[in-house]
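The values are calculated or read from the model by the stated rules, or taken from the named source; none is laboratory data. In this text the structure is predicted, and so the values were computed from the model without any measurement. Cβ atoms come from the backbone with ideal geometry, glycine included; neighbour counts cover every protein chain shown. The protein model used for the area step is the full one, side chains on, heavy atoms only, and it has no ligands, DNA or RNA in it. Shrake-Rupley method; radii C 1.70, N 1.55, O 1.52, S 1.80 Å.
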Amino acid sequence: MENKDSTVKLVGFWVSPYVQRVRWALKLKGVEYEYIEEDIFNRSHLLSELNPVHQKVPILVHSGKPLPESFIILEYIDETWKHNPLLPQDPHERATARFWAKFAEEKLFDAAWIGLCSEDDEHEGAVKSSIEALEKIEENLKGKNFFGGDRIGYVDIIIGWISYMLPIWEEVASMKIYDPMKFPAITSWISNFRKHPVIKEEYLPSKDEMIVYFQWRRKVLKGTFPPVFSMKKN
Amino acid sequence: MAEVKLFGSWGSPFSRRIEVALKLKGVEYEFIEEDIYNKKSPLLLKYNPVHKKVPVLLHNGKPICESVVILEYIDETWEGPSILPKDPYERAMVRFWVKFLDEKCFPAMWQACWSIGEEQEKAKEEATEFLKILEGTLSGKKFFGGDSIGMVDIVANFIAYWFMILQELAGIVVLTKEKFPKLNEWMNEYLNCSIIKENLPLKDKLTAVFQARFQAVAVAAAAAAPSVK
């Protein structure tokens, strides 16, 4: 018997890689939800109501209770809908997954973002750090289809942005972080990830729209012109 | 035979978090003191090759790194008082505040103590803003975890002890009883818990180490400054 207020809503922004993780997780669990697009450059009351501390997306609302932050939402989803587990059952393997998710976020994602938004020394440094981080991820993907082994899981979802967004950032900022010749295990992982029956059917922002968006973000964050317009997705 | 070892450092708040958690669960462990400033042991580098930092928990020969990851591991592995709540939503909120503490509060508060000039002013403002948010979550609660300490309290250890020592040494005024009455009350209750107070580094020893570092920073800054005629 279902709780009549067991509705699931996801407040997101069309291009956010953080929101994308939640989409993938919900899809993998077969959870139906209502998607609510929020223009983060023209915020509605929703963000301050549902995420008063950070006012950011994604926010998952389950039975009226809001939850922010993709990492936290993913663990919540895994604990609430227990089939198709995203995290391993064994505590040591879970700890290993959490460790690598954190590492990938802090050392690769954050560094690559700085590379996207900076120039000169800062940019060079960020690209170098990103490559070093990618090398460690490469080591840990050797001989495996997905990060946890044979099945797609938590870490794959967290690093999933590599498969579709990193190339866009590289193009926009003229940087080379992921070189397929240097990273065969990651290349294989990208193929497995994109071909996964659930992942390949799920929404992804279009390449052209992403390029325009990130070109704009790079300009703004390098400080060359003020943000005078918002990128509304129709 | 289950074997638990903890690679840590007497002065590190991250290391102390793990000791509190292990003691809470009644887990016996061997503590291995690491000289993190001068020479890290080969074992530490073997068990944490990625970050080369403490704490590292070794359980049955398998290492777990990063204090927040270790805390979750301890809660999942051993019986005893819960570090995290059982309800998924409440667990998620605990994880939210833990992240807020480690990713926002700690860096800002640390920066407020160790930086100077405009950078310091900015860090002090940020730290104050974050502490106000924390203050707001303590309404009607003895601890962040409710009636007893939980993961948020364990992770907030640096606020109750390390930061109070540092802010005085740095000559800054951020966390005061007047501005943060609830946090102040929480600190008193927290530091009064036997499991907490029996697992803190000696104040004099910590003060001496911090003072030496402040002096080293001042010397380096003076050496780097251009001489003025």
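Considering the range A:162-177, and only residues there that are open to solvent by 10 Å² or more (accessible area, probe 1.4 Å) and touching a residue at least 40 places away in the same chain (Cβ under 8 Å), the residue that is farthest from A:Ser129 (Cα to Cα) turns out to be A:Tyr164. Screening the range B:62-119 for residues that are within 12 Å of another protein chain (Cβ to nearest Cβ) and part of a loop (DSSP other than H, G, I, E, B) and picking the one that is most open to solvent (accessible area, probe 1.4 Å) gives B:Lys86. Looking at this structure, is B:Trp114 without any contact (Cβ under 8 Å) to a residue 60 or more places away in the chain and of a type in the set (A, V, I, L, M, F, W, C)? Criteria not met by B:Trp114. B:Tyr47 - would you say it is within 14 Å of chain A (Cβ to nearest Cβ) and either under 18 Å from the mean Cα position of the chain (by Cα) or open to solvent by 20 Å² or more (accessible area, probe 1.4 Å) (or both)? Yes; evaluated as a whole, the condition is true for this residue. You will find that of A:Val57, A:Val61, the residue that is of a type outside the set (Phe, Trp, Tyr) and away from chain B (no Cβ under 14 Å) is A:Val57 and no other. Could we say that A:Ala112 is away from chain B (no Cβ under 12 Å) and buried (at least 17 other Cβ atoms within 10 Å of the Cβ) here? So A:Ala112 fits the description; yes. Reported count of residues in the range B:120-134, each being of a type in the set (D, E, K, R) and within 13 Å of chain A (Cβ to nearest Cβ), is 2. When the range B:170-201 is filtered for residues that are of a type in the set (A, V, I, L, M, F, W, C) and closer than 29 Å to B:Ala218 by Cα, the ones remaining, listed by number, are B:Ala170, B:Ile172, B:Val173, B:Val174, B:Leu175, B:Leu200. The set of residues from the range A:43-59 being more than 22 Å from A:Phe109 (Cα to Cα) and not small (Gly, Ala, Ser) comprises A:Arg43, A:His45, A:Leu46, A:Leu47, A:Glu49, A:Leu50, A:Asn51, A:Pro52, A:Val53.
At least 1 residues being open to solvent by 40 Å² or more (accessible area, probe 1.4 Å) is the threshold, and among the helices (runs of 4 or more DSSP H) wholly inside the range B:128-229 those reaching it are B:164-170, B:181-192, B:194-197, B:203-224.
The set of residues in the range A:25-54 that are within 14 Å of chain B (Cβ to nearest Cβ) and open to solvent by 70 Å² or more (accessible area, probe 1.4 Å) contains only A:Pro52.
In the condition set (1) closer than 25 Å to A:Asp121 by Cα; (2) of a type in the set (Gly, Ala, Ser); (3) in contact with a helix residue (DSSP H, G or I) (Cβ under 8 Å, 6 or more places away or on another chain); (4) open to solvent by 10 Å² or more (accessible area, probe 1.4 Å), A:Ala185 is compliant with all but (1).
When the residues of the range A:188-216 are filtered to those that are within 22 Å of A:Phe146 (Cβ to Cβ) and over 18 Å from the mean Cα position of the chain (by Cα), the one that is surrounded by the most Cβ atoms within 10 Å (Cβ to Cβ) is A:Ser188.
Checked against the criterion of being out of contact with any Lys or Arg (no Cβ under 6 Å at 6 or more places or on another chain), assigned to a strand (DSSP E or B) and either open to solvent by 20 Å² or more (accessible area, probe 1.4 Å) or more than 13 Å from chain A (Cβ to nearest Cβ) (or both), the range B:9-28 contains not a single residue that satisfies it. Anything in the range A:73-90 that is touching a strand residue (DSSP E or B) at 6+ places or on another chain (Cβ under 9 Å) and either open to solvent by less than 10 Å² (accessible area, probe 1.4 Å) or at the interface with chain B (Cβ under 9 Å from one of its Cβ atoms) (or both)? List them, or say none. Within the range A:73-90, A:Ile73, A:Tyr76, A:Ile77, A:Thr80 meet the criteria. Here B:Asp87 does not qualify as touching a Ser or Thr at 6+ places or on another chain (Cβ under 7 Å) and over 30 Å from B:Asp204 (Cα atoms).
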